[in-house]
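Engineer: One structure, as structure tokens, below. Some questions next.
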Amino acid sequence: MEEKRDRIEELEKRVDELRKEAYELKSIILELKRETPSKQANVEEVKAKEENQLLLSTPIKEPQPVDWEKRIGQVWLPRIFIFVLLLGIIWAFKAASDYGLMQPPLKIAFGFIAAVVLIFLGHNQIAKSRNALGQVLLGGSVILLFIDTFAMHILYGMIPGIIAFILNVLWIGLGIYFAYRYKSEPLAILTSIGGYLIPFLLENRDPNIVNFVIFETIFYCIMLLFAWKRKFVYLYTVTFALLHITLLAGSFLSGAGDIRIFGLAVIIQHILLLVTFFKEHSFIKVQMTVLFTSFILTVCWIGSTFQENQYELIVLFSFLLYSYLSVYFWKKNQERLTAALSISTVALVIFLLSKFDTENIQGLLMIQGLITAYLAMKAKTKFSFIIGIVIYTISALLTFGGMFHSIFSIEFINWLILLISLWVLTKLLSLAEQLKESDKETLRKTIFITFLIVFLIFVSLFVGVLTTDLSLNIQYMTVSFSWAVYALAAIMLGVTKENKILRVFGLILLFVTLAKLILIDLIATSIFIRAILFIGLGIIGVVGSRIFYVKKEK
């Protein structure tokens, strides 16, 4: 029994010790929790101090002034005068040929030797860290190789077209290799300029337009892909522009049977631009601008080179394609959505204009412009919004500038659409998140005043149509009465809706109507009509005044 008691006492002592240890551990944990935030704060303060000291100790680099002498002398001087040198070489060969001093094979040999010398000098200058001069010399060598090849084929007939084509592709590859090796965008631009301008630097009485277009198109595609791959923004833009310039110049040399190939070339160009536009890239905004511009130019080329039904079919297909892309890119990629929505909008406008007369689709174009503006605001694409507003504004001005002579006419429907669209436009302003509320309110008031004026003109035209078969006295009377009633309605609505613009507009219109009575109706109408007009306008004016007294009492 005693042993059991001893064991129990030992266990009780052990439990008491464990309780004390647990209490001490709990106290230590609570202290650590209290100390941790302060320690973290101290650590953060130390880090902040170290960062401030680092910022203070780091010297601020001031922008260095541009050394224009170096920029012009080392960069632009060789770029400009390499073309002067090449032109001099070409004309020297031409002069030697005219005077019989040099036979064609010898001229071609000298051309290739000069190209090799330029390549050697270019590499040598780059090795001596004279990069700008060396790259220009390499570019000049590629251009000289192009010239030699075209001279062999076109001027002297020394090689067939297929061999000339293969050689030119090799020279293109050489120029791209130089640009790739030295990471030189100017060298690539020089190569592209040389490839485009070669046919126009040489005399040719019977040009082969098909070969010319094929060569330029393939050359453009290669340079475009190279620019896209190497992220050469300027080369990407230059190659796009130069193809159109070259084709435009070449089109003056072509006959009637060759003209369609130019349209095919720009279609291939646009397809390539569209394919590269799908890929993720660092200069997507430049691609977007080039793609939109390319579509406009492509439509112009197709309209000039294809038959009307083919032209309309291609434009309609473009509208469907870019509409699908707009849906596909919705809320996925804003830049691509902007381009697709803008192009699809322009394509639809072009298609409608090609199928219908302008006056027959003005209302439809206003609706399209508003829909585009609405979609652009939902998608937050500024460029598409501008295009939609431009389309709406032009079609609205065209509608406003014309008159309708019958209620059952397309012009009358256009006017109704114009009035409704102005009201819709005020509602669309609430979606314009990029505008301040004060700006929205100013635009809303401006559009509302425009609506009141347009509606006044609409009422005048409407009354004129209804009274066109009646006497002149009746016509003057009905127009004046319609103005007065409109003014009274504006005042009443302005008081009811507490709209100051409506009230002021009604007052001004009443006085304008009175001026019309005195200056026009008083002279042109009979005394009986004058009496009716003045009595009616007087009653309306008194009623309008009474309405203002009611507003004051309220």
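Engineer: In segment 248-270, how many residues are of a type in the set (Gly, Ala, Ser), at pLDDT 90 or above and surrounded by fewer than 17 Cβ atoms within 10 Å (Cβ to Cβ)?
Structural biologist: Total meeting the criteria: 0.
Engineer: Within the bounds of segment 336-359, is there any residue that is buried (at least 17 other Cβ atoms within 10 Å of the Cβ), aromatic (Phe, Trp, Tyr) and in a helix (DSSP H, G or I)? Walk me through it before giving the result.
Structural biologist: Step one: list which residues in segment 336-359 are buried (at least 17 other Cβ atoms within 10 Å of the Cβ), which gives 336-352.
When the remaining residues are screened for being aromatic (Phe, Trp, Tyr), the result is 351.
Now drop any that are not in a helix (DSSP H, G or I), which leaves 351.
Within segment 336-359, one or more residues are buried (at least 17 other Cβ atoms within 10 Å of the Cβ), aromatic (Phe, Trp, Tyr) and in a helix (DSSP H, G or I).
Engineer: Which residue pairs have Cβ atoms closer than 6 Å, lie 6 or more positions apart in sequence or on different chains, and pair a first residue in segment 441-468 that is without any contact (Cβ under 8 Å) to a residue 24 or more places away in the chain and farther than 15 Å from Phe400 by Cβ with a second residue that is among the aliphatic types (A, V, I, L, M) and part of a helix (DSSP H, G or I)?
Structural biologist: From residues that are without any contact (Cβ under 8 Å) to a residue 24 or more places away in the chain and farther than 15 Å from Phe400 by Cβ, the pairs are Leu443/Leu429; Arg444/Leu429; Val463/Val479; Thr467/Ile474.
A quick yes/no check of all residues on (1) modelled with pLDDT of 65 or more; (2) surrounded by fewer than 18 Cβ atoms within 10 Å (Cβ to Cβ); (3) part of a helix (DSSP H, G or I):
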site	(1), (2), (3)
Gly464	yes, yes, yes
Phe481	yes, yes, yes
Gly494	yes, no, yes
Ile501	yes, yes, yes
Leu509	yes, no, yes
Ile518	yes, yes, yes
Phe528	yes, yes, yes
Val542	no, yes, yes
Lys551	no, yes, yes
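Engineer: Considering only segment 311-319, I want to know if a residue exists there that is out of contact with any His (no Cβ under 7 Å at 6 or more places or on another chain), touching a residue at least 12 places away in the same chain (Cβ under 8 Å) and either under 27 Å from Leu170 (Cα atoms) or among the β-branched types (Val, Ile, Thr) (or both).
Structural biologist: Filtering segment 311-319 for residues out of contact with any His (no Cβ under 7 Å at 6 or more places or on another chain) gives 311-319.
Okay, now just the ones that are also touching a residue at least 12 places away in the same chain (Cβ under 8 Å), so 311-312, 314-316, 318-319.
Keeping just the survivors that are either under 27 Å from Leu170 (Cα atoms) or among the β-branched types (Val, Ile, Thr) (or both) gives 314-315.
Yes, segment 311-319 contains at least one residue that is out of contact with any His (no Cβ under 7 Å at 6 or more places or on another chain), touching a residue at least 12 places away in the same chain (Cβ under 8 Å) and either under 27 Å from Leu170 (Cα atoms) or among the β-branched types (Val, Ile, Thr) (or both).
Engineer: Under 9 Å between Cβ atoms, which residue pairs at least 6 apart in sequence (or on different chains) link something in segment 224-245 that is of a type in the set (Asp, Glu) with a partner that is modelled with pLDDT of 90 or more?
Structural biologist: none
Engineer: Would you call His123 modelled with pLDDT under 80, touching a Leu at 6+ places or on another chain (Cβ under 9 Å) and at negative phi?
Structural biologist: Working: modelled with pLDDT under 80: no; touching a Leu at 6+ places or on another chain (Cβ under 9 Å): yes; at negative phi: yes.
Criteria not met by His123.
Engineer: Which one is farthest from the chain's Cα centre (by Cα) among residues in segment 398-414 that are buried (at least 17 other Cβ atoms within 10 Å of the Cβ) and either under 15 Å from Ser460 (Cα atoms) or among the charged types (D, E, K, R) (or both)?
Structural biologist: Phe404
Engineer: Does segment 156-167 include one or more residues that are touching a helix residue (DSSP H, G or I) at 6+ places or on another chain (Cβ under 9 Å), surrounded by fewer than 20 Cβ atoms within 10 Å (Cβ to Cβ), of a type in the set (Ser, Thr, Tyr) and within 25 Å of Ile209 (Cβ to Cβ)?
Structural biologist: Yes, some residue in segment 156-167 is touching a helix residue (DSSP H, G or I) at 6+ places or on another chain (Cβ under 9 Å), surrounded by fewer than 20 Cβ atoms within 10 Å (Cβ to Cβ), of a type in the set (Ser, Thr, Tyr) and within 25 Å of Ile209 (Cβ to Cβ).
Engineer: Scan Gly363, Gly401 and give me the residue that is touching a residue at least 12 places away in the same chain (Cβ under 8 Å) and more than 30 Å from Asn333 (Cα to Cα). Show your work before the answer.
Structural biologist: On the way: Gly401 fails: touching a residue at least 12 places away in the same chain (Cβ under 8 Å).
Of Gly363, Gly401, the one residue that is touching a residue at least 12 places away in the same chain (Cβ under 8 Å) and more than 30 Å from Asn333 (Cα to Cα) is Gly363.
Engineer: So, Val169, is that one assigned to a helix (DSSP H, G or I), among the aliphatic types (A, V, I, L, M) and at pLDDT 80 or above or not? Walk me through how you get there before you give the answer.
Structural biologist: Values: assigned to a helix (DSSP H, G or I): yes; among the aliphatic types (A, V, I, L, M): yes; at pLDDT 80 or above: no.
So Val169 fails the test.
The values are calculated or read from the model by the stated rules, or taken from the named source; none is laboratory data. If you're wondering where the values come from, they're calculated on a predicted model, not measured in any experiment. Reconstructed Cβ throughout: ideal geometry from the backbone, glycine too, with neighbour counts over all protein chains shown.
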